[in-house]
Amino acid sequence: MKSIYFICLAFLISCNATENALIKLEGKTMGTTYHISYLPNVQDKVTQDETGMKAAIDTLLVAFNRSVSTYIPTSTISCVNGQDTMIEVDDYFARVFESAREVSDKTGGAFDVTVMPLVNGWGFGYTDSVAMIKATVDSLKSLVDYRKVVLSKVGQKWMITKKDKRMQVDFSAIAKGYGVDLVANLLKQKGINNYMVEIGGEVVAKGKNGKGDAWKIGVEKPIDDASGTNHEFKEILKLENKALATSGNYRNFYIRDGKKVSHEIDPKTGYPALNNLLSATVVANDCMTADAYATAFMVMGLDKTLQFLNANPSLDAYLIYAGEKGEMKTTYTPGVKNMIAKPD
């Protein structure tokens, strides 16, 4: 579960504008909530129509959900997760799958959208959990390998081919990020240049906030709280023309036999990832990329993540981890250093 909360300053850039000119929209999607703040185009009444803008955004998100939600029985992804080995998919699905494949290749499989059988088995998916003894884990793990699910173009149609009909796809670690990108692109198409879009903690911020400054985003302290009611910020980051996503193991978990079971499943071992990384906040040019890498880093752990970031300077990250004595420590890339907001 992503766990980052946003802070936006509700003022206008224009010296003669009022605070009310900043439009704020909110709603529900993908099993979570969205919050959008933007400065309308003063020459375009369409962008000033809150009801119309919200309807356009909701229509877009409903269409996207029909593609990627495993909780909609007739969605594209639900059809892919059925028992057929070849399935036609839509453009939304194809775009997300292609991006996921790229991240999987670059991370050596630490990110793998075919992890769904294990996610379900451990009780974090859309089916009931099962007794995850070694034999069960090994059996489910045999169905996990992104290289055995292939996307191809047949004429004008996108097709997914599965090597094993039992294989299933899980977009939960990447779909919200793309949803944010889609809404941001909608705003851009309508001529809006200053906005902040957040869905379930994933964020895209463009231009300036109402005060003429960068949008400010709060990164939560990774304090175990399955209720999701504890929101204490570890850092405030200034976000300009970038996307941000956070993944952590302190919200979506349960206790079994006295041990914490996290939703971050390692596709290679079949078990919840065990390392000292508590949360990973990734800053990238688009939210889908940030979303996927945040999850991959939680599986990779601190050392491998730092090595990866050193070799891939186009990504920035703020990492919170447990020290040798269990104390909370942080490290971040040089790009993030410039984003850290100074106390008022």
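Laboratory data are not the source of any read-out in this text; all were calculated from the coordinates shown. Nothing here was measured: the structure is a model prediction, and the numbers come from that model. Don't worry about glycine lacking a Cβ; one is built from the backbone with ideal geometry, like all the others, and counts go over all protein chains shown.
Worth a mention:
- Bridgeable aspartates and glutamates around K211 (alpha carbons under 12 Å apart, same-chain partners fewer than 8 residues away excluded): E19.
- Secondary-structure-derived ellipticity at 222 nm for the chain, considering helices only, amounts to -8500 deg cm²/dmol, per-run term -39500 (n - 2.57) for DSSP H runs with n ≥ 4.
- Rounded to the nearest 20 debye, the dipole magnitude of the chain is 340 debye, with +1 charges on Lys and Arg beta carbons, -1 on Asp and Glu beta carbons, and the Cα centre as origin.
- Between helix 175-189 and the chain: long-axis angle, C-alpha atoms, 0 to 90°, nearest 10: 30 degrees
- C-alpha long axis of helix 302-311 to longest principal axis of the chain, angle in °: 60 degrees
- Near M159: Cβ cut-off under 12 Å, other residues only, Lys/Arg at +1 and Asp/Glu at -1. The net charge is 0.
- Acute angle (nearest 10 degrees) that the helix 287-300 long axis makes with the longest principal axis of the chain, alpha-carbon atoms: 40 degrees
- Alpha carbon centroid spacing (whole Å) that separates segment 138-207 from segment 17-95: 13 Å
- For a straight C-alpha distance cut-off of 14 angstrom, the aspartates and glutamates reachable from K221 (same-chain residues fewer than eight places away being disregarded) are E232, E235, E327.
- Dipole orientation for the chain: of the candidates S279, V150, T114, V150 has the Cα lying most toward the positive pole (charges on Cβ; Lys, Arg +1; Asp, Glu -1).
- Close amide H pairs (under 5 Å, H built 1.01 Å from N) link K242 with A205, residues at least 5 positions away or on another chain.
- Among the listed pairs K106/K206; K165/K268; K304/K342, those with a Cα-Cα distance over 23 Å are K106/K206; K304/K342.
- The chain, relative contact order [Cα under 8 Å, separation at least 6], %: 19 percent
- Under 18 Å from the Cα of K153 - aspartates and glutamates, other chains or at least 8 residues apart: D84, E88, D90, D91, E98, E102
- If only the Cβ of Lys and Arg carry +1 and only the Cβ of Asp and Glu carry -1, the dipole of segment 69-162 around its Cα centre is close to 200 debye.
- Under 5 Å between amide hydrogens, built in the peptide plane, is the criterion, and for L278 it picks out I320, Y321, A322 among residues at least 5 positions away or on other chains.
- Value of relative contact order over segment 69-162, rounded to a whole percent, pairs C-alpha under 8 Å and six or more apart: 31 percent
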